[in-house]
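Asker: Please see the structure below; I have some questions.
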Protein chains: 2
Amino acid sequence: VRVNVDGGSSELRTVWLDDGVVKLLDQRFLPFEIRIAEAHGLEELAVAIEDMVVRGAPAIGAAAAYGMAQAHLQGIAVHEAADRLRRTRPTGHDLFHALEYMSNAIDAGENPVVAADKYAQEDVDRCRRIGANGAKLIRNGTRIMTHCNAGALATVDYGTALAPMRVAKERGRRFFVYVSETRPRLQGARLTAWELVQEGIDHAIIPDSAAGHFLSRGEVDLVLVGADRIAANGDTANKIGTYMKAVVAKENGVPFYVAAPSSTIDFAIPGGAKIPIEERSPQEVLQFGGSPVAPKESPARNPAFDITPAKYITGFITEDGILRPAELRRTAKLPPLRRRKTTKRKTTKRR
Amino acid sequence: VRVNVDGGSSELRTVWLDDGVVKLLDQRFLPFEIRIAEAHGLEELAVAIEDMVVRGAPAIGAAAAYGMAQAHLQGIAVHEAADRLRRTRPTGHDLFHALEYMSNAIDAGENPVVAADKYAQEDVDRCRRIGANGAKLIRNGTRIMTHCNAGALATVDYGTALAPMRVAKERGRRFFVYVSETRPRLQGARLTAWELVQEGIDHAIIPDSAAGHFLSRGEVDLVLVGADRIAANGDTANKIGTYMKAVVAKENGVPFYVAAPSSTIDFAIPGGAKIPIEERSPQEVLQFGGSPVAPKESPARNPAFDITPAKYITGFITEDGILRPAELRRTAKLPPLRRRKTTKRKTTKRR
């Protein structure tokens, strides 16, 4: 991600391995402070993922890949490391994809640090291709709405939903982005707005509830969000609030696109109803900056994601092109026959 | 509104006149502090309305009624007082209703303090009838979703959307309320949750964006909100976010009711497109408790209301019963013929 400092700018990744230490751009302090967190071992990294030092499905996947490499260097068994990391956050799919990728690599005798670096680089490459594929949707004057942060900070670099905007900006397009603030943790207001400031892209932050107002008044041409897990049929888990935006976009004839790499697609899950939804601490809703915002007697519910059924999704912007829900299987990287068998077996087990 | 203190409870109205001073339960400090604000003159009262010391369309109407009485006692001309108060907040209709009510009363030589008290008492009576009419929608086990605060605090007392819940609770019903927090000013988390705590009604606060998650999973039986202005065709202006809830409720077959007194209905406006939408300061979105939550370079948009077209509204809970949009005219208190003429003239002027 580009970080503007004192007139110049530098580039940072969200996660990397440095002399055996996993380093993470600590997203809890942005946009006010650039702070690098360090995980010296498996438990520290797992807690960093749980506490959202790093967040965004692809970035969590890369963090887990580096965590697997670090654990191996520290003599921790592959299955033990994978078990701990698997329990950090249940909804996003890239985490499980990365654990499988690294387990296979280590089992095959590959150097785990090289494998983790390769995983991270592949994520960057996928995001750049998503950017190139999605940029054609953005013309001069296009008014885009996004939700949460699906930017460089949600990936290793470059982003998913924000990647087409980066490419369009590089190509000299002028466009505008509505950024919904994304309660309770404000990833839109804190992270997406910050990335757009770094890139010099015009935008305005809106309360999440205001999305419908702008959609219904013809002030939005395109909704563009990321994903945490996509089921085989195209049903998509993403940050809480995505579903309402998708329904209201469809109601107003506004195209709704999901930008995601193939690592986010879970072909083993047939539909959205089977995607587990993480419910986080009520304190994220009941407090703000450590101060209460509600009566002490009031409980809260805090689902972190919701499911957008495929019927509300115009298309998926992937590294392999813009696909309709029925075309998603094109991104499956394993041979179709074997993949289909695996899918059936896993699905049966889950029932 | 009931205020529980030290084991007992007392009753407060949101606004009243005490020895020539307009007193207001200061809603900016709830639920953490019970503070009474004072307006000693027209400008102080107007600023109190603008700063949301008092908010909620019916409560603003009553505050304006007392403001008109106070202004008259202080020798300020009726039209001058009405002009200043009219400029405070543009969307809610009760304000304009109250200004007309008080102007007519003063012109007719009525005692302005008696007239303002009568206006306030009529608001309470309307709310109690709304409660009785709406309570039949609430059974044991009903799971209600509301938005913003349409409670006692939004009226002189008793509330609109919360009135049926008060009556159902008095009748011994057990039910549950999802309270969306209502960014940017958190009237749901701060005010509605507080009222429900005072009444001992089960509830949970949710981020505004989480409404769709619960609606789509069959966890909500009924959405019940207030209104700031209702056009003659039933299109309804209410707190930003109402529209998205209505669309998603309809999409999931969940009934969506608007509770409002006749003072909120504007028969002079044919449809929602003509209702002016207040846009408030971007700082309400960009700051929280005085601290920034976004990059300093980022602008924000902050529409305070949105329009829910009548087609998404199952019914209006009024003091005259539960009405469908087409039946709203029943609540018109003027003779139908004269009212119809007035409507046409006003509409023409606006074009």
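Asker: Write out, first by first residue and then by second, each pair whose Cβ atoms fall under 8 Å of each other, whose residues are 6+ apart or on separate chains, and whose first residue, in the range B:255-284, is within 30 Å of B:E297 (Cα to Cα) while the second is surrounded by fewer than 16 Cβ atoms within 10 Å (Cβ to Cβ) and not aromatic (F, W, Y).
Answerer: B:P282/B:P299
Asker: Looking at the range A:223-251 only, could you name the residues that are surrounded by fewer than 22 Cβ atoms within 10 Å (Cβ to Cβ) and under 22 Å from the mean Cα position of the chain (by Cα)?
Answerer: A:A232, A:N233
Asker: Only one of A:E80, A:E50 is under 25 Å from A:F305 (Cα atoms), of a type outside the set (K, R) and open to solvent by 10 Å² or more (accessible area, probe 1.4 Å). Can you tell me which?
Answerer: A:E50
Asker: If I ask for residues that are more than 10 Å from chain A (Cβ to nearest Cβ) and touching a residue at least 40 places away in the same chain (Cβ under 8 Å), which ones from the range B:287-310 would you list?
Answerer: Within the range B:287-310, just B:A310 meets the criteria.
Asker: Which residue is farthest from the other protein chains (Cβ to nearest Cβ), if the candidates are limited to the range B:175-234 and must be in a helix (DSSP H, G or I), of a type in the set (D, E, K, R) and under 20 Å from A:D208 (Cβ atoms)?
Answerer: Per the criteria, the residue is B:R190.
Asker: Another question, if that's okay. Which condition breaks for B:R55 when tested against (1) among the basic types (K, R); (2) surrounded by fewer than 24 Cβ atoms within 10 Å (Cβ to Cβ); (3) within 30 Å of B:P303 (Cβ to Cβ)?
Answerer: (2)
Asker: Report every pair of residues separated by at least 6 positions or lying on different chains whose Cβ atoms are under 9 Å apart, first residue within the range B:31-45 and at negative phi and exposed (fewer than 14 other Cβ atoms within 10 Å of the Cβ), second of a type in the set (F, W, Y) and part of a loop (DSSP other than H, G, I, E, B).
Answerer: B:R35/B:F29
Asker: May I ask you to list the residues in the range A:128-148 that are open to solvent by 10 Å² or more (accessible area, probe 1.4 Å) and in contact with a Phe, Trp or Tyr (Cβ under 9 Å, 6 or more places away or on another chain)?
Answerer: Listed by number, the residues that qualify are A:R128, A:L137, A:R139, A:N140, A:G141, A:T142, A:R143.
Asker: Name the single residue that is farthest from B:A150 (Cα to Cα) among those in the range B:252-267 being among the small types (G, A, S) and open to solvent by less than 10 Å² (accessible area, probe 1.4 Å).
Answerer: Here the answer is B:S263.
The values are calculated or read from the model by the stated rules, or taken from the named source; none is laboratory data. Keep in mind that what you see is a predicted model, and the values were worked out from it rather than measured. Note: ideal-geometry Cβ built from the backbone for every residue, glycine included; neighbour counts use all protein chains shown. Remember, those area values only see protein heavy atoms, side chains included, never the ligands or the DNA or RNA. Shrake-Rupley method; radii C 1.70, N 1.55, O 1.52, S 1.80 Å.
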